[in-house]
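One structure is given below, encoded as C-alpha cells.
We did not get these values from a lab; they are worked out from the coordinates using the rules stated. Worth saying up front: this structure is predicted, and the values here are computed from it rather than measured. Because the Cβ atoms are built from the backbone with ideal geometry, glycine has one as well, and the counts that use them run over all protein chains shown.
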Amino acid sequence: MTIHPKNINIAEVVQHDIAHHFHPFTDHKAFHAAGGPRVITQADGVYIWDGKGNKILDAMSGLWCVNIGYGRKELADVAYRQMLDLPYYNTFFKTTTVPATELATKISSLLPKRFQHIFFTNSGSEANDTIVRFVRHYWKLKGKPYRQHFIARTRGYHGSTMVAVNLGGMSGMQGQGGTLFPGFHHVQQPHWFDFGGDKTPEQFGLDAAADLEKKTIEVGPDNVAAFIGEPIQGAGGVLIPPSTYWPEVQRICKKYGILIIADEVICGFGRTGNWWGFQSLGFEPDIVAMAKGLSSGYQPIGAVAISDTLTKDFFELGGDFNHGMTYAGHPVAAAVALKNIEIIEDEKLVERVAELAPYFAKGLASLNDHPIVGETRSMGLIGAIELSKDKATRARFHDSGRVGTICRDHCFANNLVMRACWDTMVLAPPFTITKKEIDEIVRLARVALDATYADVKGEM
Ligand code: PXG
C-alpha cells in the first residue's frame, strides 16, 4: 500500500493528546513522562503505520479483533451505503432494521441449532452485563430466585463495566471503584505452566475443574446461576486449558444444573481454527457472548446468543425484558458485521486459521531454545511465549510483569506489536497473515527476546 502523507502535524497531536485525552488502562504520570502517545495513522493487511512513518507488524490484530486484517474497502463501502440509507434506528418497541435482523439470522446460522435468538450490545462488556441480568431474571422466572451466584476464573477477563469486572478475575480492576459485588466467585485458572507443578497437564486440568465443584459446594449448588469462562483465557495470558478441563467443567455444571456461559469475545469467529472456541475446547454452552471478531473491530458491536431452552421460558414467562442500549443492533455496525462474516466465509478464513495453525505453532516453538523462554503454546492463531528464568523449574523472574513489560517495549522499538500479560507474551495476528509474515513475527520476537535477555541475564 502507498502511505498517503496526510499533512498531519504529529507533534501537535501528541501535545493535544497529553493535554486532553484521558486514556483507558494507562498510568498517565508515566505516559506523560514518556512523551505521550505513539500516534497510529494508517493500516493495511497485518501492518500499522505510526506518525513517524514506522511500519509495524501488528501481531495482536489491534486488541485481538481485526481478524480479517486492515484496509478492507468493502467494509467502508457497506458502512457508507448504510449511512445514506438509514444511519440509525433503534430495535426497541417492536421495530427493527434490515441489517440487525439479518445479522441475528446470520449469527444464529453459525452456531449450533439450539441458538435461535441473538441480543445485540455495543461491546463485550455490555454482552456480559446483559447475560448477568438475563440469567438472574431467568432463574427468578423459573421459581429459583436463589440461583443468583456466578462462578468465574482468576485472571478471566470479561470486560470493564461494573458487572463485567465482577465476573472477571483481575484483582487490579476489582480493587478500583467499589466494584466488588456480592454473588461473584472465582476459581483456579487452568494454567499448567504456573500451577501444574509435577502433575501432567491432563491431571492438572481435572484438578483445576475440581476447584469449580469445590466452590459450587461452598456457595451451595442451588445458589449457583452460571459458570462463565473464555474457552482460552485471552487477556489472562492465552491460557489454553488441558484437553481434560472443559469436558470436566461441563460434567460438573450438568450435575448441579449450572448454566455455562462461553465468553467468545476473543475466541469466536475463527480465532482457534473453528468458528467457536467451545468447538475447539470441547464443551456445549447455554449462552455465548461475542464482540471483537464479529465486526473485526471495524465497528463497535457485541452480541449474546441464548439457547432455545432458556428463551422459550423467558419469552413465555418474562414480559418486558427491561434492558437495552440505544445503539443495540446499530444498522451501520450490523451491516459491517454482516460483510465481515461474508468475507470470513468467502475467503475461507476459519479454514485458513486451521491450516496455518501448525506453522504458527512451529514458528513459536522455534523460540524454545531461547534462554528466557519457558514454554510456547498456541491453538489456531492465538499463542503465547512464557518468560522464565529457569526452563527446568518454570520459575518466574521476581516482580511479576516487569520482564514482560521490558520485552514488550523491545518489541515496540523493533516494530512488532506483541502484548505482555504479566510475564507472558501473547500473540493473535490477523487470519489473513501469510507464512512469510509469521516468519517475520518469529524473527522480530527473537530480536526482542535477545534484547530482554541482555537486560535481565544478571538475575538468572
Ligand atoms: N470478554 C473477553 C474475553 C474480552 O477479551 C471483553 C469481554 C470485553 O469486551 P469490550 O468490547 O467491552 O472491551 C474482552 C475484551 C487486553 C484487553 O489488554 C483485552 C480486552 C479489552 C481490553 C484490553 O488484552 N478484551
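Residues in segment 211-224 that are closer than 20 Å to Gly168 by Cβ and touching a His at 6+ places or on another chain (Cβ under 6 Å): Lys215, Val219, Val224.
Tell me the residue from Gly374, Gly363, Gly383 that is assigned to a helix (DSSP H, G or I) and either farther than 23 Å from Ile40 by Cβ or not hydrophobic (A, V, I, L, M, F, W, C) (or both), please.
Working: Gly374 fails: assigned to a helix (DSSP H, G or I); Gly383 fails: assigned to a helix (DSSP H, G or I).
On inspection, the qualifying residue turns out to be Gly363.
Filtering segment 250-305 to residues that are away from the ligand (no atom under 13 Å from the Cβ) and of a type in the set (D, E, K, R) leaves Arg251, Lys254, Lys255, Glu284, Asp286.
So, Pro231, is that one in a loop (DSSP other than H, G, I, E, B), buried (at least 19 other Cβ atoms within 10 Å of the Cβ) and within 16 Å of the ligand (Cβ to nearest atom) or not? Yes: the conditions hold for Pro231. The sole residue among Val163, Val187, Val224 that is touching an Asp or Glu at 6+ places or on another chain (Cβ under 6 Å) and more than 15 Å from the ligand (Cβ to nearest atom) is Val187.
Taking only pairs six or more apart or across chains, which ones have beta-carbon atoms under 6 Å, a first residue in segment 433-460 that is under 16 Å from Thr405 (Cβ atoms), and a second residue that is part of a helix (DSSP H, G or I) and of a type in the set (A, V, I, L, M, F, W, C)? Every condition considered, the pairs that remain are Ala448/Cys407; Ala448/Cys411; Thr452/Ile406; Thr452/Cys407; Asp455/Ile406; Val456/Val403.
Counting the residues of segment 20-51 that are loosely packed, with under 15 Cβ neighbours inside 10 Å, more than 24 Å from Gly297 (Cα to Cα) and within 16 Å of the ligand (Cβ to nearest atom) gives 1. Every condition in (1) touching a residue at least 24 places away in the same chain (Cβ under 8 Å); (2) β-branched (Val, Ile, Thr); (3) not in a helix (DSSP H, G or I) holds for Thr393 except the one numbered (1).
Do we find a residue being touching a helix residue (DSSP H, G or I) at 6+ places or on another chain (Cβ under 8 Å) and closer than 14 Å to Gly324 by Cα anywhere in segment 84-99? The answer is yes, given that some residue of segment 84-99 is touching a helix residue (DSSP H, G or I) at 6+ places or on another chain (Cβ under 8 Å) and closer than 14 Å to Gly324 by Cα.
In the set (1) part of a helix (DSSP H, G or I); (2) in contact (Cβ under 8 Å) with a residue 24 or more places away in the chain, the condition left unmet by Lys312 is number (2). Taking segment 296-323 as the range and being within 17 Å of Asp129 (Cβ to Cβ), β-branched (Val, Ile, Thr) and more than 16 Å from the chain's Cα centre (by Cα) as the test, only Ile306 passes. Could you check segment 198-215 and list, in sequence order, the residues that are crowded, with 16+ Cβ neighbours inside 10 Å and under 18 Å from Lys391 (Cβ atoms)? Result: Pro201, single match.
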